[in-house]
Amino acid sequence: MQTSRFRLKSGLFTNYLVHGFGMIILTQNLVTLAQHWQATLPVASFILSGIGIGRLLAYLIMGFISDRFGRKTTLLIGMITYLIFFVATPLNQSLALAYSLAILAGVANSALDSATYPLLTEINQNGTSNSVFLKAFISIGEFILPMLLLFLTEQKLWFGLSFLVPAGILLVNLVNILTINVQAAKKTAAVTETSGLQLGFAKKSALTAGLFIYGYTSMAVMIWFTQWITIFAKKINFTAAMAHFLLSLYSLGSISGVIIVVILLQRLTIKKELFLTLNAISFLSITTITLSTNETLSAVAAFLFGLSAAGGLMQIALNTLLSIYPKHKGMLTGLFFIFGSLASFSVPIMTGLIVKNQHLNLMAGDILVALVGLVVALMMYWALPKEKPANTSLAAARAEINRIDTQIIDLLEQRFAAVDDVHQFKQSGQIAIKDLDRERQVLAHVARKTKNKKLVTYNQDIIQTIMDNSRKYQASLK
């Protein structure tokens, strides 16, 4: 069983290594592909929009399939469609088919997301850190592909090999996933399905809306920066080398951020505190970049912006959303990423309008986006209960119960002290010890105050036993 879980996790991470290739493989090969399709570069670049359309069309569908027909089914759909994209694209010479294959890549992306993020929360107690770790594998894929293309160019080898290498990795991993019993792997998990985080209606509603908004802002803040930072830096008279280096520093910060976040989340229960801190750093960093004309200061800020904004915040937000509604993880994952896809469409439109006005600061809008993200982080800090460290053994779990029992004993002594007062009032007023109306009120109060509604009956039984013993205690008093 443990072997199945290890193979499944390895397979999920490998898929996102391949996804790292897929995210940039068209842009990295665009000049060659344009010649292959007998199209101009602007026309060929239009093909890239197919990925976004595929994602928008498929996210809710794949989310439904993930929840209704299983994570493995959705995972296989994503892997097979990605395999078709990687194999067919370098062989195809039709512009129309190229656009269809780009849409297929978007469908593959949505299928992988709709299956993988829910699975990681279901097979491991460190679901948040594992979700963040996916980003590290994407970054590794994005790092390897340019070097592979450079090697192919220097050796004068066919560009299509850059597609067939990830296809080969995906094919091997497909065999791995096909032979895994996903349900068996899930049964070995350290946690089980629950009714979700217990939050009041106001907190739950506000946090849900905020997290969907964050699905947009977390993507928008990164797209805005990566698309325009080089042009912005040249506009404020930074050297050409520094203008390009700022993006490299951002990427280096992103990889560093993922590593730091994964380590912290695995060792400490500080998710909401870390989320708030990183959003604050992101806001301060992009503000510094926007307002500073000092190259050194901007370089430091670019690294910190990558570390915070691109260090796994989106994955933390998604994991939090799934923990609130564990029964609809596939659909919620799809809906969350639809907001991110909307950012992919809207940010280029907004920035295109801003860049036409020479008097406007091109990066100022990114400050506003980061500020909205920070507001959501503050909302999350307010709404989420404080996390407690997970028990790692039977002895630790029993020690936790002993600690809680000690608190209960202290509270029971306080309750019996109050019973003494009640008894004196009853004696002076010649009131019977047993008051059924009062007991019904107490039990109704217990039902209202119990957040986990599955525990209402148990809590009422416990309180009823306490009231029974309170009556015995009162009867013993003189």
- Filter result (within 21 Å of the chain's Cα centre (by Cα) and hydrophobic (A, V, I, L, M, F, W, C)) within region 46-75: 51, 56, 57, 58, 60, 61, 62, 64, 65, 75
- Go through (1) more than 20 Å from residue 362 (Cβ to Cβ); (2) surrounded by fewer than 19 Cβ atoms within 10 Å (Cβ to Cβ) and name the single condition residue 253 misses. (2)
- Would you mind stating whether residue 91 is in contact (Cβ under 8 Å) with a residue 24 or more places away in the chain, surrounded by fewer than 19 Cβ atoms within 10 Å (Cβ to Cβ), within 24 Å of residue 163 (Cα to Cα) and of a type in the set (A, V, I, L, M)? yes
- Specify which of the listed residues (82, 99) is in a helix (DSSP H, G or I), over 20 Å from the mean Cα position of the chain (by Cα), surrounded by fewer than 23 Cβ atoms within 10 Å (Cβ to Cβ) and not charged (D, E, K, R). 99
- Message: Which count do you get for residues in region 141-182 that are hydrophobic (A, V, I, L, M, F, W, C) and within 16 Å of residue 112 (Cβ to Cβ)?
- Response: 9
- For region 25-77, enumerate the residues that are aliphatic (A, V, I, L, M), buried (at least 19 other Cβ atoms within 10 Å of the Cβ) and not in a helix (DSSP H, G or I). 47
- Query: Does region 8-24 contain at least one residue that is surrounded by 18 or more Cβ atoms within 10 Å (Cβ to Cβ), farther than 19 Å from residue 120 by Cβ and modelled with pLDDT of 85 or more?
  - Reply: yes
- Looking at region 362-375, is at least one residue assigned to a loop (DSSP other than H, G, I, E, B), assigned by TED's automatic domain parsing to the domain that holds residue 272 and either of a type in the set (Val, Ile, Thr) or in contact (Cβ under 8 Å) with a residue 24 or more places away in the chain (or both)? yes
- Message: Take residue 131 and tell me if it is within 15 Å of the chain's Cα centre (by Cα) and surrounded by 23 or more Cβ atoms within 10 Å (Cβ to Cβ).
- Response: yes
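The values are calculated or read from the model by the stated rules, or taken from the named source; none is laboratory data. Just so you know, these numbers come straight off a predicted model, no measurement behind them. Note that each Cβ is placed from the backbone with ideal geometry, even for glycine, and that neighbours are counted across all protein chains shown.
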